[in-house]
Number of protein chains: 2
Amino acid sequence: MTMPSEKTFPRVEPGRLEAVWTALGQTLSSEQLRRDEETRQRYARDESDSGVYPPDIIAFPETTAQVSAVFKACQAQGVPFTPCGARSGKSGGSLSLRGGVMVSLERMNRIRSVSVENLTAVVEPGVITGDLMRAADAVGLFYPPDPNSWEFCTLGGNVAENAGGPRALKYGVTRDYVLGLEWVLPDGEVLRVGRRTLKGVAGYDLVGLFVGSEGTLGVATEITLQLIPRPRHVLTALVIFDSVMRAAHALSAVLASGVLPRTLELIDEVALQAVAGKGYPFPPGAGSAVIVEVDGSTEEGLLAELAQVGEVCTRMGATETLVAQNEAQREKLWAARRLVSPGLRALRPHKISEDIVVPRSCIPSLIQQLKALGDRLGLLVATYGHAGDGNLHANILYEGPHQRPLVEEAIQQMLKLTVEMGGTITGEHGVGHAKRDYLALEQAGPVIALQRRLKTFFDPSGLLNPEKIFPAPDCF
Amino acid sequence: MTMPSEKTFPRVEPGRLEAVWTALGQTLSSEQLRRDEETRQRYARDESDSGVYPPDIIAFPETTAQVSAVFKACQAQGVPFTPCGARSGKSGGSLSLRGGVMVSLERMNRIRSVSVENLTAVVEPGVITGDLMRAADAVGLFYPPDPNSWEFCTLGGNVAENAGGPRALKYGVTRDYVLGLEWVLPDGEVLRVGRRTLKGVAGYDLVGLFVGSEGTLGVATEITLQLIPRPRHVLTALVIFDSVMRAAHALSAVLASGVLPRTLELIDEVALQAVAGKGYPFPPGAGSAVIVEVDGSTEEGLLAELAQVGEVCTRMGATETLVAQNEAQREKLWAARRLVSPGLRALRPHKISEDIVVPRSCIPSLIQQLKALGDRLGLLVATYGHAGDGNLHANILYEGPHQRPLVEEAIQQMLKLTVEMGGTITGEHGVGHAKRDYLALEQAGPVIALQRRLKTFFDPSGLLNPEKIFPAPDCF
């Protein structure tokens with residue numbers, strides 16, 4: 001996440017709020033409509049540290065017709081409205097910056113079907129990602145996209161943000177699994193786009209356009225997802241290096257050797273400190289660790305793959321390779337990986353995490369330059385993440401508000417460096433509010449202008465999720 | 001392909017043609033501009049049997065700037081223009097229905113880079129798909145999408161149509177490999193959209209919208225593609241069944257058993273007749289055959305996978321399973337598969353092939369009903385194709401023009417049946433001209449209307465590739 005100073009946006013005038021409150025009361029029960037202070041505060045933030053923006057009203061529609069009616073009421077009264085799922089986003093995409101109505105999809109949380117024969121699932125947007133993973137697993141199927149927040153994020157949010165995760169290396173991201181959508185446009189019109197089949201090319205790929213639109217072009221009220229046969233075996237190994245640079249070079253060598261693991265997660269020496277002394281299998285003094293996970297249909301095949309990965313890594317300077325011997329050991333490795341982000345908060349009181357991607361070959365150079373940047377500015381920089389596909393979570397750790405000017409400089413430089421290497425400012429967290437003022441670093445003016453016109457095409461009033469993705473007019 | 005009667009469209013008046021010819025001469029050399037009868041006839045058709053529509057002028061730009069200038073000249077003179085690649089499309093997408101200027105991208109055919117470190121390739125749109133496959137293979141990488149026409153189709157055409165192929169079952173379609181595009185909009189503006197990294201979610205997914213837009217929203221002048229490590233081993237087997245229904249049921253069982261082959265190609269008894277007696281390893285009297293191909297990093301693993309597939313198939317009634325013992329045997333199997341389509345033409349003088357997809361579980365029922373439909377109408381129906389992902393190429397064979405009314409009825413019924421099963425009228429060939437009048441069978445009026453408005457958003461004059469995808473006004 002980046003760290004915009006908390007900004008003030010125009011608020012909705014009370015008369016309009018009363019009018020929309022009354023209109024919403026025609027459609028939703030009193031159980032589905034809130035404006036008490038406690039609820040407003042609860043829905044005022046996400047996981048981005050972008051600030052606190054309480055909505056004026058929170059609506060909890062339970063059907064597509066209700067979502068449509070809420071959208072129509074907001075449009076009729078000229079009140080801004082912002083959809084949200086679990087509010088676990090890291091870019092401020094669900095913040096209600098101008099107030100108005102927050103439209104929570106969390107109560108639309110039924111898994112409508114999981115079909116073994118068709119390799120598909122049909123879900124409502126409020127379904128927790130992990131619940132679908134388990135439902136698929138129970139019938140021998142597999143839903144690969146695995147954002148770290150899978151235990152609490154929602155599939156609707158995953159669709160809005162086009163969420164990724166460690167397994168994206170082999171299996172791609174949310175977008176690769178969305179076949180069809182029931183979609184409510186900003187004016188409340190309900191469409192079915194895409195398909196229910198594994199393939200299909202009839203007409204424009206509206207699903208492609210809507211997935212990743214960060215709640216600015218409408219919301220999904222039903223999602224048809226592709227599932228795949230569950231790989232019969234998974235093996236996980238931890239490879240230790242004495243420096244993150246060696247580890248980064250080894251990742252490239254592994255991929256060049258013809259193995260495509262399902263994850264190649266890098267953890268640098270700072271991130272290792274964050275999880276040290278908690279019983280995880282990292283040898284003291286390790287400079288870096290890589291979690292390698294392979295999957296497939298035979299154990300012998302996977303053992304051979306891991307042996308090959310081990311050989312390559314040893315040749316590239318790995319000091320140790322440990323293969324998880326059972327599910328408990330495997331889970332322990334992943335628990336350590338998930339603990340990195342919260343653990344870093346214990347090293348310094350504050351941290352900022354940037355979700356950047358560079359062409360894979362630039363990972364070693366990026367890490368080197370980020371460390372040098374930290375040294376130059378006197379800030380601790382941790383790097384970890386899905387380095388196999390070039391996606392790093394680069395964290396800046398700092399002591400307190402007095403260092404914020406330095407941190408802001410570090411963010412600027414980090415994103416500039418990323419773009420200069422041919423990279424992108426966001427790999428999987430989205431632009432949202434947190435990065436809108438940096439989008440122009442990466443995209444040319446005419447490309448941004450075209451997207452703004454598309455937003456206006458779909459949402460002429462601009463009332464749906466305002467102040468997101470595109471630079472604020474004064475930055476443009 | 002479907003079989004619209006050849007229609008007459010308004011042609012461009014001679015004065016405008018002269019004006020655009022002169023304007024194009026300012027940008028292109030005489031070598032890059034043709035209007036002789038022979039060239040016009042050569043560019044008058046594609047592989048769809050949709051008719052013969054000679055363009056008035058054929059332009060061969062060699063740079064992005066030239067493509068842009070050609071588009072601008074056509075817009076300025078009010079002359080329709082239609083992009084084309086290898087004209088191997090099967091839905092009439094590159095037919096110059098209203099005449100005007102055909103813009104061939106075939107001379108932009110350089111592979112600009114293949115990067116082992118980044119797992120990417122940058123290509124011009126006129127590169128033959130097979131040439132990129134070989135260039136990737138030469139450095140240990142793999143470009144999975146494999147339309148049957150890969151030896152002559154172009155990557156620009158693959159992007160326009162979102163081409164698939166047998167390997168889509170495991171590896172997805174063209175869209176899954178396009179990271180970024182240099183794109184010329186209908187008005188000649190040049191944009192870079194997407195990214196060069198393996199992941200990225202900054203802004204709307206314009207790449208997603210443009211891929212598969214069938215040459216109606218602009219053209220790609222540079223394509224950045226993702227490659228993957230080449231699987232170290234591939235094994236191919238042929239499984240014989242005594243009926244296509246048994247084979248169809250067995251496919252489902254294979255996928256349910258947790259194996260994900262890279263192809264599961266079905267060939268029915270009629271299609272087998274089409275390749276009989278040519279030295280291919282199909283036992284006489286076989287009712288159906290399935291080509292199973294698995295890939296991975298160890299041979300032992302693959303042998304175990306194939307053994308499992310064999311077991312499942314035997315349980316489901318397979319009479320024989322033959323594993324290709326070397327590359328020559330493998331290639332022979334695929335040569336047989338590629339020969340099905342031309343071979344069917346030898347069984348009857350005429351054939352129509354429909355590229356339909358149903359939810360996988362409906363494949364047996366679809367085949368049964370198609371055969372019954374053929375019996376009812378007295379037409380021979382062949383079914384073959386990528387049945388593992390529900391994508392069938394259903395062929396109607398017939399004797400001559402006197403049977404066309406029957407054939408048209410068969411097409412209508414086939415597409416209706418497909419849609420009623422939750423399927424789509426085109427899995428990988430596109431709507432183009434051939435299926436535009438059937439799109440409304442599958443998509444609701446408001447969805448088609450939204451797409452028409454998007455077309456107008458990008459191309460207000462409607463001069464780029466007119467009369468494609470959306471139903472003709474009189475059918476709407």
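Only the coordinates and a few stated rules stand behind these numbers; no lab work does. Computed from a predicted structure; not experimentally measured. We place every Cβ from the backbone using ideal geometry, glycine too, and count neighbours over all the protein chains shown.
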Other copies of B:Ser29: label-to-label distances in nm, shortest first, labels 7 Å along the beta-carbon direction: 7.7
Net charge dipole size for the protein assembly as shown [Lys, Arg +1 and Asp, Glu -1 on Cβ; Debye, nearest 20]: 580 debye
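Can you give the FRET efficiency for A:Arg134 and B:Glu327, using 1/(1 + (r/R0)^6), R0 = 56 Å, r = Cβ-Cβ distance, to the nearest 0.05? Show your work: numbers first, answer last.
Working: r = 43 Å, r/R0 = 0.76.
About 0.85, to the nearest 0.05.
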Per-residue ³J(HN,Hα) for the stretch B:33-40, Karplus 6.51 cos²θ - 1.76 cosθ + 1.60, θ = phi - 60°, Hz, x for Gly and Pro: 9, 9, 9, 5, 4, 5, 5, 4
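Compute the relative contact order of the stretch B:50-152 as a whole-number percentage, counting only Cα pairs closer than 8 Å that sit 6 or more residues apart in sequence. Intermediate values should be presented prior to the final figure.
Numbers: 158 pairs, mean separation 26.1, N = 103.
Reported relative contact order: 25 percent.
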Label-point gap, in nm, between B:Asp36 and A:Thr63 - each point 7 angstrom along Cα→Cβ: 6.9 nm
Positive-end residue, chain A charge dipole about Cα centroid, Cβ charges, pick of A:Val193, A:Leu347, A:Met245: A:Val193
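Take the alpha carbon gyration tensor of the stretch A:348-435, find the square roots of its eigenvalues, order them as a ≥ b ≥ c, and report rounded if a/c is under 1.5; if not, report prolate when a/b exceeds b/c, else oblate. Could you put the intermediate results ahead of the total?
Numbers: a/c = 1.80, a/b = 1.44, b/c = 1.25.
Judged from the Cα gyration tensor, the stretch A:348-435 comes out prolate (a/c at least 1.5, a/b above b/c).
Can you pull the mean other chain C-beta count within 10 Å for peptide A:158-165? Kindly include the intermediate steps, with their values, before the conclusion.
Numbers: counts 0, 0, 0, 1, 5, 1, 4, 0.
Mean partner-chain Cβ count within 10 Å for A:158-165: 1.
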Under Karplus coefficients 6.51, -1.76 and 1.60, residue-wise ³J(HN,Hα) of the stretch A:63-68 in Hz, glycine/proline x: 9, 4, 4, 5, 4, 4
Across the identical copies, how the A:Leu339 labels are spaced - nm, sorted shortest first, 7 Å along Cα→Cβ: 6.3
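Which of A:Ser365, A:Ser88 comes first, and how do the rest follow, when ranked by fewest Cβ neighbours within 10 Å? Before the final figure, lay out each step's value.
Details: A:Ser365 14, A:Ser88 23.
Result, fewest neighbours first: A:Ser365, A:Ser88.
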Cα-based helix-to-principal-axis angle, B:244-256 vs chain B, degrees rounded to 10: 90 degrees
Mean residue ellipticity (222 nm) of the protein assembly as shown, computed from DSSP H runs ≥ 4 via -39,500 (n - 2.57), nearest 500: -10500 deg cm²/dmol
Those GluC sites (Glu not before Pro) in the stretch A:152-193 that DSSP places in a loop and that have at most 16 other beta carbons within 10 Å: A:Glu189
Ascending count of other beta-carbon atoms within 10 Å, so fewest first, for A:Ser297, A:Ser361: A:Ser361, A:Ser297
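Please compute the Kirkwood hydrodynamic radius over the stretch A:192-321, one decimal place, Å, based on all pairs of different Cα atoms.
17.7 Å
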Extension gain, B:Glu408 back to B:Arg376 (0.36 nm per residue minus Cα-Cα distance, nm): 10.1 nm
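With the cut-off at 1.5 for a/c, could you classify the stretch A:70-186 from its C-alpha gyration tensor as rounded, prolate or oblate?
Details: a/c = 2.40, a/b = 1.75, b/c = 1.38.
Because a/c hits 1.5 or more and a/b exceeds b/c, the stretch A:70-186 counts as prolate.
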A:Leu179 long-range amide H proximity, modeled H, under 5 Å: A:Thr224, A:Leu225, A:Gln226
Sites matching GluC sites (Glu not before Pro) across the stretch A:387-476 that sit in DSSP coil, with at most 16 neighbouring C-beta atoms within 10 Å: A:Glu399
Tail beyond 36 Å, pair distance distribution of chain B (Cα, percent): 31 percent
Alpha carbon centroid spacing (whole Å) that separates the stretch A:427-445 from the stretch B:336-356: 50 Å
Alpha carbon centroid spacing (whole Å) that separates the stretch A:25-40 from the stretch B:102-167: 54 Å
Peptide A:265-271, shielding by other chains (average Cβ, 10 Å cutoff): 0
Per-residue HN-Hα couplings for the stretch B:401-414 [Karplus 6.51, -1.76, 1.60; θ = phi - 60°; Hz; x = Gly/Pro]: x, 5, 8, 4, x, 5, 5, 5, 5, 4, 4, 3, 5, 4
Cut-off under 5 Å, modelled amide H: who pairs with B:Thr221 long-range: B:Glu182, B:Trp183, B:Val184
B:Lys7 versus B:Arg345: modelled label distance in nm, points set 7 Å from Cα along the beta carbon direction: 2.6 nm
Per-peptide average of other Cβ atoms within 10 Å, ordering A:139-149, A:348-358 highest first: A:348-358, A:139-149
Inter-copy separations for B:Gln41, label at 7 Å along Cα-Cβ, nm, ascending: 8.3
Charge dipole of the stretch B:64-179 about the Cα centre (unit charges at C-beta), most positive-ward option of B:Leu105, B:Gly156, B:Ala73: B:Ala73
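Taking only the Cα atoms of the protein assembly as shown, how large is their convex hull per residue, in Å³? Can you show the working numbers first?
Working: hull volume 157.1 nm³, N = 952.
Normalising the Cα hull of the protein assembly as shown by residue number yields 165 Å³.
What average number of partner chain Cβ atoms lie no more than 10 Å from the Cβ of the residues making up B:357-363? All intermediate terms of the calculation are to be shown ahead of the outcome.
Details: counts 8, 4, 10, 8, 6, 3, 1.
Across the residues of B:357-363, the mean count of other-chain Cβ atoms within 10 Å is 6.
When N counts the residues of the stretch B:14-104, how does its alpha-carbon radius of gyration compare numerically with 2.2 N^0.38 Å, as a ratio? Don't skip to the end; give the middle numbers.
Details: Rg = 12.3 Å, N = 91, 2.2 N^0.38 = 12.2 Å.
The value comes to 1.00.
Mind putting a number on the dipole of chain A about its Cα centre? Charges go on the C-beta only, +1 for Lys and Arg and -1 for Asp and Glu, and I need it in Debye to the nearest 20. Working shown, then result.
Working: 47 positive and 54 negative charges, 65 e Å.
Value, rounded to 20: 320 debye.
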Pairs from A:Lys170/B:Lys199; B:Lys371/B:Lys468; A:Lys90/A:Lys468 whose Cα-Cα separation, in the structure shown, is over 20 Å: B:Lys371/B:Lys468
